[in-house]
Each structure stands twice: as structure tokens, then as C-alpha cells.
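Novice: After the C-alpha cells below, expect a handful of questions from me.
The values are calculated or read from the model by the stated rules, or taken from the named source; none is laboratory data. Keep in mind that what you see is a predicted model, and the values were worked out from it rather than measured. All Cβ positions, glycine included, derive from the backbone under ideal geometry; neighbour counts span all protein chains shown. For accessibility, only protein heavy atoms count, side chains too; no ligands or nucleic acids. Shrake-Rupley method; radii C 1.70, N 1.55, O 1.52, S 1.80 Å.
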Amino acid sequence: MAGKLMICPTPIGNLDDMPPRALAALRTADVVCAEDTRVTGKLLAAFDIHTRLERLDENLMGERAAAVVDRVRAGETIAYCSDAGMPGVSDPGQRLVDVALDAGVSVEVLPGPTAVATAYVASGFTCPRFYFGGFFPRKAGERAQVLQTVRALDAVSLYYESPHRIASALADVAAALPLRRVAVCRELTKLHEETVRGLAGDVAAEFAAREEAGGVKGEIVLVIDAPGEQELEQESRDAAASAADRAAQLIAGGKLSRKDIVKKLRDEFGISRNEAYELVHGA
């Protein structure tokens, strides 16, 4: 008889959000592989489930994923749980799914709680596109690179962040994207759930004050809104000014024809042909 790998979502905070299909899968599986058996053990105990548990965390995934898949091929039904939410979303479970699919074994992904989609809706930001970037970088240089990417992205961006770093993360966002709105979704689905949103500088000041007053606690999703009209207009003005400077530079250089300069300006700055033509022939 063929086995199956079942990816089982678990609550991100509130036990009442446990999906019925995931409960059934955990009850009927031959074994439950878990990111942390202590965390998943408490969950199983809360629902009076006695399926055998095995640890399968990030450190063990590389050496054991293939063996787990071999067991599924041999006929075992194995359920996999992360500590909370949907396994595979910034979680070692994705590597297990990858190995299983490459091996051609049956994988059933059960839908359920995820902090990413919950925070996207809780933010109230209306752009219909969103991008999940995993955990926000710890290092300033890596943060700067990510924020440069976010600047050009026409979508809401979401990141997991530590409560110990959220104040500094927000300060970097405010410095890089001062016209952008952000939301900090903290303790989603839990007793002290809150969403703090506003301009990046205002939210950064709020969490800097909290850090000063004793620190921030809880699981956090940082949400950065898509660029608004004011930011897009500012970028357009900046691009036009830069294009004008570049046009003057190229004309003074005397190495390119005006036709070639028009093309170069369009390629470099993404401006229209008419805008480029005006910069060149009006100079």
C-alpha cells in the first residue's frame, strides 16, 4: 500500500484555529515528524492525540529528509508539523516537500493558519499584490539591499521580525522609505494581538519608545505598503532631474548624436520618448 506525506498546519496562537482536517491527519498518521517535539507534543496532548512523535528540525532535515521519504514510499503515512502555522513558509518543511516531490511520492498539503496572509489582511493595505520575504535581515547592509528592492516593488511586502530587532528594523525602513506606510502585526490571534500602522517614521518612533520603556514582546510580522501616489510623484521628479543632468552631460561630451542620447535616456531612466526628446532638443 502506498504511503503519504501530509503537511499539517497548526495554530499561530489560538488553539481554536486548529483545522479539523489537520487534526484527523495527526490522529491517523503512523508518525508525526515535528520541528520541535516539545511544542507539537503539547498540541497533540491538548487534542488527546497519541501518535508517535519524531523530531525533524532544520539541523536534522538535510540528513533525514530522504530517509523519511523512503519510509513514505515503503507505505508509511507521515504527518509533518512546524512549531506554528503552515509548514514550509520560511520553515524547513519546504525542503521535505521538495525531496518528496522529486522522489515522486504522494504529498498532501492541508490548508490552514499562516501569519503571512493574516498580517496582509490585518494591515488594511489595499494593493492586491503582496510579496513575502521571509525573515527581515539582521545586518544593516543586507537590510539596505532588501529595502532597495522594496522601493521598486509595486506590492505590499511582509517580513517576519524579532521583537528584539523591530525598533531598529523600523528605523531603517523609515530612513530608506520615509513616505511609505508600514504596519506592525504583533501576537496575531493571541490575547494581546495588535496592529500598529502609519507612516514609517511615526511607527518607528512608537516602537523606539517601547524599546526604551522596557522592550517589545511577541511574534511580529512587519508589513510595508506598496508605494503611494506621493512617493511615485517624488520618484518621477527625481528621475526627471537626473535625466536632465545626464542629458546635459552627454550633449557636452559630444560623442553621441542627439538621436542616440534620446535612446540612452529612455533606457537609463525609463522616461518616455517625448520626455527624452524634450530634454535633448530643449537643452
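Novice: Within the stretch 156-209, work out how many residues are open to solvent by less than 40 Å² (accessible area, probe 1.4 Å), within 17 Å of F125 (Cα to Cα) and polar (S, T, N, Q).
Specialist: The total comes to 1.
Novice: Within the stretch 181-194, can one find any residue that is touching a Lys or Arg at 6+ places or on another chain (Cβ under 8 Å), farther than 21 Å from V146 by Cα, modelled with pLDDT of 95 or more and polar (S, T, N, Q)?
Specialist: no
Novice: Here's another thing I want to ask about it. Read through the list (1) of a type in the set (S, T, Y); (2) within 30 Å of Y131 (Cβ to Cβ); (3) open to solvent by less than 40 Å² (accessible area, probe 1.4 Å), then give the number of the only condition that T51 fails.
Specialist: (2)
Novice: Can you find a residue that is within 27 Å of V146 (Cα to Cα) and modelled with pLDDT under 75 anywhere in the stretch 199-222? Lay out the reasoning, then the answer.
Specialist: First, pick out the residues of the stretch 199-222 that are within 27 Å of V146 (Cα to Cα): 199-212, 215-222.
The next check asks that each one be modelled with pLDDT under 75; those that pass are none.
Within the stretch 199-222 (the criterion being within 27 Å of V146 (Cα to Cα) and modelled with pLDDT under 75), the answer is no, since none of the residues qualifies.
Novice: Still on this structure: Being open to solvent by 50 Å² or more (accessible area, probe 1.4 Å) and in contact (Cβ under 8 Å) with a residue 60 or more places away in the chain is the filter here; which residues of the stretch 84-114 pass it?
Specialist: Result: A84, S90, S106, E108, V109, P111.
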